[in-house]
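S.K.: Following this message is one structure expressed as structure tokens.
The values are calculated or read from the model by the stated rules, or taken from the named source; none is laboratory data. These figures come from a predicted structure and were not determined experimentally. Note: ideal-geometry Cβ built from the backbone for every residue, glycine included; neighbour counts use all protein chains shown. We work out accessible area using only protein heavy atoms, side chains counted, and drop any ligands, DNA or RNA first. Shrake-Rupley method; radii C 1.70, N 1.55, O 1.52, S 1.80 Å.
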Amino acid sequence: DLVLVELRLLELRAGAEERGAEIGVAAPLSAQVNDVAFSPEESHFATCAEDGSLRVWAVPSNELVVQFQVLNQSCLCLAWSPACPSQDDGRSQRLAAGYSDGTLRLFSLLTAEMELKLHPHPVAVTAIRYSADGQVLISGGKDGLMAVSSPRTGMTIRVISDHRGASISTVQCVKKQYTEFGLQGNELWLAASADRRVSIWASDWSKDKCDLLDWLTFPAPLCTEEADSLPPSLAAFSPTEPGVVLYVGYGVEREITFYSLAHKQIIKRIALSHWATCLSVSSKGHLLAVGSNERLLTLIKSTNGKFQDFPAHSDSVHVCGFAPSGDRLFTSAYNEIFLWDVQGL
């Protein structure tokens, strides 16, 4: 059964003098790409890599605008500051990135300069996100500690140790009013760690409130392999089903699990043919993107489980991410970056 969606590869250019040999593949980067993300207005997208580089590209020309380089460090994750309609201060033209030395760096696209350097972690930063209102940065480390920091002052506001001992693989924030769950707060956020645990929080950062809403632990068969060699634990809020959290990771079965926060139970499962190495949920069309070590990008319709495989990559697909509009999709396989035009929704 095929998803009735067409993906069209678009070309990325790293400058007129160094074009990729294939449509849709960036001029080969020198190191593994660790994260890719669109800006809120989709006027730019950014990539970060193992060699410490953070690159910003223009849309729709797909040309390199600026590159920030940190020597002797790996840039492991990045996040755009959310757009703020009430404040036309270029806030959404700012980027935060996490590095292997435990630092966070904030960059301005308007000035092409680093604005702030924070050091909230003693180990590598593995996940980073701005809160939905942009007031704080939430970052997770390889040791499982999470830090809540101010992007204005650089101060660490609080440290959350609930996931201690297992690397943080996912942090996601969404703007919601979650009084129906019995907790006050204007946004919801989650974190997933390598030991197959997911925490969901309700927060109001303007009042320094952050309360644990739910705690999920997913079973898995006993495994003697190192945690780094197992499929990652990934989680995301469903943008089309309020109060539903998606989870995929190493377990008894290869599957995507749908968990209802309101009913506190699993409401659906979708079987996978391979272990997932990355996950992204589109804002429209009930569409999921899943990557695998088998070099496949799989698009899945969450309403009926129908899927379609796209075998364009030459290595494991370890990064995938829909644009905020759902009209475009990024994937990355080692040092290749693919930009797909999502059509037919």
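S.K.: Of the residues Glu336, Glu294, which is at pLDDT 90 or above and among the acidic types (Asp, Glu)?
M.R.: Details: Glu336 fails: at pLDDT 90 or above.
When all the criteria are applied, what remains is Glu294.
S.K.: Any idea which of (1) open to solvent by less than 60 Å² (accessible area, probe 1.4 Å); (2) at pLDDT below 90; (3) touching a Ser or Thr at 6+ places or on another chain (Cβ under 9 Å); (4) not charged (D, E, K, R) is the one Asn62 doesn't satisfy?
M.R.: (3)
S.K.: Say whether the condition of being open to solvent by 10 Å² or more (accessible area, probe 1.4 Å) and farther than 25 Å from Val174 by Cβ is met by at least one residue in region 280-290.
M.R.: For region 280-290, residues open to solvent by 10 Å² or more (accessible area, probe 1.4 Å) and farther than 25 Å from Val174 by Cβ: absent.
S.K.: Residue check: is Val148 of a type in the set (A, V, I, L, M, F, W, C) and in a loop (DSSP other than H, G, I, E, B)?
M.R.: No; evaluated as a whole, the condition is false for this residue.
S.K.: Sticking with this structure for a sec: Give region 299-310 a look and list any residue that's at negative phi and open to solvent by 20 Å² or more (accessible area, probe 1.4 Å), or say none. Full working, then the answer.
M.R.: Taking region 299-310 and keeping what is at negative phi, we get 299-304, 306-310.
Passing the criteria: Lys301, Thr303, Asn304, Lys306, Phe307, Gln308, Asp309, Phe310.
S.K.: Sticking with this one: Against the definition (open to solvent by 70 Å² or more (accessible area, probe 1.4 Å), under 25 Å from Gly144 (Cβ atoms), aromatic (Phe, Trp, Tyr) and not in a helix (DSSP H, G or I)), how does Trp215 come out, yes or no?
M.R.: Working: open to solvent by 70 Å² or more (accessible area, probe 1.4 Å): yes; under 25 Å from Gly144 (Cβ atoms): yes; aromatic (Phe, Trp, Tyr): yes; not in a helix (DSSP H, G or I): yes.
For Trp215, the condition - open to solvent by 70 Å² or more (accessible area, probe 1.4 Å), under 25 Å from Gly144 (Cβ atoms), aromatic (Phe, Trp, Tyr) and not in a helix (DSSP H, G or I) - is met.
S.K.: Can you tell me which of Asp88, Asp101, Asp1, Asp35 is open to solvent by 20 Å² or more (accessible area, probe 1.4 Å), modelled with pLDDT of 95 or more and over 18 Å from the mean Cα position of the chain (by Cα)?
M.R.: On the way: Asp88 fails: modelled with pLDDT of 95 or more; Asp1 fails: modelled with pLDDT of 95 or more; Asp35 fails: over 18 Å from the mean Cα position of the chain (by Cα).
The match here is Asp101.
S.K.: When residues of region 120-145 are filtered for being touching a Ser or Thr at 6+ places or on another chain (Cβ under 7 Å), of a type in the set (A, V, I, L, M) and assigned to a loop (DSSP other than H, G, I, E, B), how many remain?
M.R.: Total satisfying the criteria: 3.
S.K.: So, in region 250-263, exactly how many residues are part of a loop (DSSP other than H, G, I, E, B) and modelled with pLDDT of 95 or more? Quick ask: steps written out before the conclusion?
M.R.: Within region 250-263, the subset part of a loop (DSSP other than H, G, I, E, B) is 250-254, 261-263.
Remaining after also requiring modelled with pLDDT of 95 or more: 254.
Adding up the residues that qualify gives 1.
S.K.: I would also like to ask the following. Does Asp162 satisfy the criteria of being touching a Phe, Trp or Tyr at 6+ places or on another chain (Cβ under 9 Å), open to solvent by 20 Å² or more (accessible area, probe 1.4 Å), modelled with pLDDT of 95 or more and among the charged types (D, E, K, R)? Before you say what the answer is, go through the steps one by one.
M.R.: Values: touching a Phe, Trp or Tyr at 6+ places or on another chain (Cβ under 9 Å): yes; open to solvent by 20 Å² or more (accessible area, probe 1.4 Å): yes; modelled with pLDDT of 95 or more: yes; among the charged types (D, E, K, R): yes.
It is true that Asp162 is touching a Phe, Trp or Tyr at 6+ places or on another chain (Cβ under 9 Å), open to solvent by 20 Å² or more (accessible area, probe 1.4 Å), modelled with pLDDT of 95 or more and among the charged types (D, E, K, R).
S.K.: If you check Arg55, Arg94, which single one turns out to be open to solvent by 20 Å² or more (accessible area, probe 1.4 Å) and more than 24 Å from His318 (Cα to Cα)? Before you say what the answer is, go through the steps one by one.
M.R.: On the way: Arg55 fails: more than 24 Å from His318 (Cα to Cα).
Of the residues listed, the single one that is open to solvent by 20 Å² or more (accessible area, probe 1.4 Å) and more than 24 Å from His318 (Cα to Cα) is Arg94.
S.K.: Assuming Thr240 fulfils every condition listed in (1) assigned to a strand (DSSP E or B); (2) at pLDDT below 95; (3) of a type in the set (Val, Ile, Thr) apart from one, which condition is it?
M.R.: Of the numbered conditions (1) assigned to a strand (DSSP E or B); (2) at pLDDT below 95; (3) of a type in the set (Val, Ile, Thr), the odd one out for Thr240 is (1).
S.K.: Sort out which residues of region 310-327 are at pLDDT 90 or above and in a strand (DSSP E or B), and write them in order of number. Reasoning before the result, please.
M.R.: The initial filter retains those residues of region 310-327 that are at pLDDT 90 or above, namely 315-326.
The answer is Val317, His318, Val319, Cys320, Gly321, Phe322.
S.K.: Check region 192-200 and report whether any residue there is under 15 Å from Ala276 (Cα atoms), open to solvent by less than 30 Å² (accessible area, probe 1.4 Å) and of a type outside the set (S, T, N, Q).
M.R.: Yes, region 192-200 has at least one match.
S.K.: Here's another thing I want to ask about it. Within region 218-251, can you find the residues that are crowded, with 19+ Cβ neighbours inside 10 Å and out of contact with any strand residue (DSSP E or B) (no Cβ under 9 Å at 6 or more places or on another chain)?
M.R.: Scanning region 218-251 gives a single hit, Tyr250.
S.K.: Is there a residue in region 126-135 that is farther than 27 Å from Ser238 by Cα, of a type outside the set (A, V, I, L, M, F, W, C) and at pLDDT 95 or above?
M.R.: Kept after step one, since they are farther than 27 Å from Ser238 by Cα, are these residues of region 126-135: none.
Taking every residue of region 126-135 in turn, none turns out to be farther than 27 Å from Ser238 by Cα, of a type outside the set (A, V, I, L, M, F, W, C) and at pLDDT 95 or above.
S.K.: Shifting gears a bit: Please enumerate the residues belonging to region 260-279 that are open to solvent by 60 Å² or more (accessible area, probe 1.4 Å) and in contact (Cβ under 8 Å) with a residue 40 or more places away in the chain.
M.R.: Within region 260-279, Ala262, Lys264, Trp275 meet the criteria.
S.K.: Take Asp341 and tell me if it is assigned to a loop (DSSP other than H, G, I, E, B) and farther than 25 Å from Ala220 by Cβ. Spell out the reasoning first.
M.R.: Numbers: assigned to a loop (DSSP other than H, G, I, E, B): no; farther than 25 Å from Ala220 by Cβ: yes.
No.
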